[in-house]
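Novice: My structure is below; once you've seen it, I'll send some questions.
The values are calculated or read from the model by the stated rules, or taken from the named source; none is laboratory data. All of these numbers come straight from a predicted model, not from anything done at the bench. Cβ coordinates were reconstructed from backbone atoms using ideal geometry, including for glycine residues, and neighbour counts include every protein chain displayed. The area values use the complete protein model at the heavy-atom level, side chains included, leaving out ligands, DNA and RNA. Shrake-Rupley method; radii C 1.70, N 1.55, O 1.52, S 1.80 Å.
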Amino acid sequence: MARTASQASRPTTGTAKPDGQTSRTGRQTAADLAFLARAMKAPALLDAAERLAERARTESWTHTEYLVACLQREVSARDSHGGEGRIRAARFPAVKTIEELDVAHLRGMTRQQLSHGRAEEQSVASVILSR
């Protein structure tokens, strides 16, 4: 099968063995991992892969356990950065926190009432940002 244009820059996969499999060097594997992570737009996967591979070797993880750990890191990173992207996309003039709020402009609410309701508001804000 012919290689596509995006595959043309991809590193080769190693030398052929008599049984049809290829032997790969660590450098080839690292280059392939970097290429595939960029193609999938998964930078957290690339960052975590080497550390998790070492941990997987020392703790004798299965390939599936290693894959799950890598994918969990990527999903976690995307979840944590998702709200930030939505805030940037909304083009708010500045990020403001409750601590920065000037309560003098609020009618009928004191700083104490505001701090008491803060936990409830944080959960509401997390629901709004996760949409």
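Novice: In region 34-52, what count of residues is obtained for those that are in a helix (DSSP H, G or I) and surrounded by fewer than 16 Cβ atoms within 10 Å (Cβ to Cβ)?
Specialist: 8
Rundown of residues vs (1) modelled with pLDDT of 90 or more; (2) within 22 Å of the chain's Cα centre (by Cα); (3) open to solvent by less than 60 Å² (accessible area, probe 1.4 Å), yes/no style:
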| site | (1), (2), (3) |
| --- | --- |
| Ala5 | no, no, no |
| Gln28 | no, no, yes |
| Thr62 | yes, no, no |
| Val68 | yes, yes, no |
| His81 | no, yes, no |
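Listed here are the residues, each with its yes/no results for (1) loosely packed, with under 11 Cβ neighbours inside 10 Å; (2) out of contact with any Phe, Trp or Tyr (no Cβ under 8 Å at 6 or more places or on another chain); (3) more than 30 Å from Arg111 (Cβ to Cβ).
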site: Glu65; (1), (2), (3): no, yes, yes
site: Gln72; (1), (2), (3): no, yes, yes
site: Arg86; (1), (2), (3): no, yes, no
site: Glu99; (1), (2), (3): yes, yes, no
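Novice: Now, a different point. Test each condition in (1) modelled with pLDDT of 75 or more; (2) over 23 Å from Leu45 (Cβ atoms); (3) among the hydrophobic types (A, V, I, L, M, F, W, C) for Val75 and report the one that comes out false.
Specialist: Of everything listed in (1) modelled with pLDDT of 75 or more; (2) over 23 Å from Leu45 (Cβ atoms); (3) among the hydrophobic types (A, V, I, L, M, F, W, C), Val75 misses just condition (2).
Novice: Restricting to region 103-115, give me the number of residues that are open to solvent by 80 Å² or more (accessible area, probe 1.4 Å) and under 36 Å from the mean Cα position of the chain (by Cα).
Specialist: 0
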